[in-house]
Amino acid sequence: MSNLFLDPVIINGTVYMASDFHFGSPNEEQSKLREEKVIAWMETISRDATAIFLLGDIFDFWFEYKDVVPCGYFNFFAQLDKLRKKGIEIYYFTGNHDMWVKDYFTKELGVKIFRKQQPFLINGKKCLVGHGDGLGPKDFGYKFIKRVFAFRPNITLYGALHPRIAFALARFFSRKSRSMTSAAEQQYMGDEREMLTQYAISILQNEQIDYFMYGHRHLPINKQLSENSRYINTGDWLTHDSFVKMEEGVAELIQWME
């Protein structure tokens, strides 16, 4: 085993994965409709789910003060609480839009937080799971910005702002970032240009991984990498309403239909 799989989390049962809900974007009305759709999906999958993975960017912006969290999302939180009380594990991987999640979800709802990719052994299959941002051989500008945002003194300085100012600034830059996304990125750009594909291929040179599971890309992808390995991207709920269901060692990429 390589260092990636020294301490995998072991799960047996039916697993669901989704990402990039971006609650709060682009406005309250559309976000609320999306939240209701996600809650309906979670209610449906609760019938057989052993664990649910939220692979980042669940919120378009999230910042926790000691005594303040962003308002709204009550129904989503209530659904998480309902799932946990049924014994369903919730794994939340922070993304680039919600990297400032701290311990609110763990303390209040029993959700397990991961801040980087994590190996899982799901029904005997080796799965590398994460949001996916910052992986791959390029995108140096983004990686630098992420380090700036993750630098603890910078987080402390940002937390010194009044919540109304801090949240307004974050929403402004979040909208600006999304507006810069090119049309080309709305389709698969080829193995040589897809950074998560390149990253997965590089890992396979040293270790056999059955599934690479990521979000971040906003595009549902189910890519065969080798005879026994696949890269699956969960897509998003801004456009695709897509998710992954994994049972008996087989992962399926599905579009939610109400």
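Just a few scattered comments:
- Looking across the range 64-106, just one residue is hydrophobic (A, V, I, L, M, F, W, C) and in contact with a Gly (Cβ under 7 Å, 6 or more places away or on another chain), and that is Phe93.
- Matching residues, the range 6-17, being loosely packed, with under 15 Cβ neighbours inside 10 Å and among the hydroxyl-bearing types (Ser, Thr, Tyr): none
- The set of residues in the range 19-59 being of a type in the set (Asp, Glu) and within 22 Å of Ile221 (Cβ to Cβ) consists of Asp20, Asp57.
- Contact map, the range 69-87: first residue closer than 11 Å to Glu36 by Cα, second residue assigned to a helix (DSSP H, G or I), Cβ cut-off under 6 Å, separation 6 or more or different chains; pairs are Asn75/Ile39; Phe76/Glu35; Gln79/Ile39; Gln79/Met42.
To keep it simple, each residue is scored yes or no on (1) acidic (Asp, Glu); (2) in contact (Cβ under 8 Å) with a residue 12 or more places away in the chain; (3) open to solvent by less than 60 Å² (accessible area, probe 1.4 Å); (4) farther than 17 Å from Ala18 by Cα.
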| residue | (1), (2), (3), (4) |
| --- | --- |
| Met189 | no, no, yes, yes |
| Asn206 | no, yes, no, yes |
| Ile209 | no, yes, yes, yes |
| Arg217 | no, yes, yes, no |
| Ser226 | no, yes, yes, yes |
| Trp237 | no, yes, yes, no |
| Ser242 | no, yes, yes, no |
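- Residue among Asp48, Asp103, Asp20, Asp81 that is of a type in the set (D, E, K, R) and open to solvent by less than 40 Å² (accessible area, probe 1.4 Å): Asp20
The values are calculated or read from the model by the stated rules, or taken from the named source; none is laboratory data. Treat the numbers as computed from the prediction; the structure is a model and nothing was measured. Don't worry about glycine lacking a Cβ; one is built from the backbone with ideal geometry, like all the others, and counts go over all protein chains shown. Areas reflect the complete protein model, heavy atoms only, side chains present, ligands, DNA and RNA absent. Shrake-Rupley method; radii C 1.70, N 1.55, O 1.52, S 1.80 Å.
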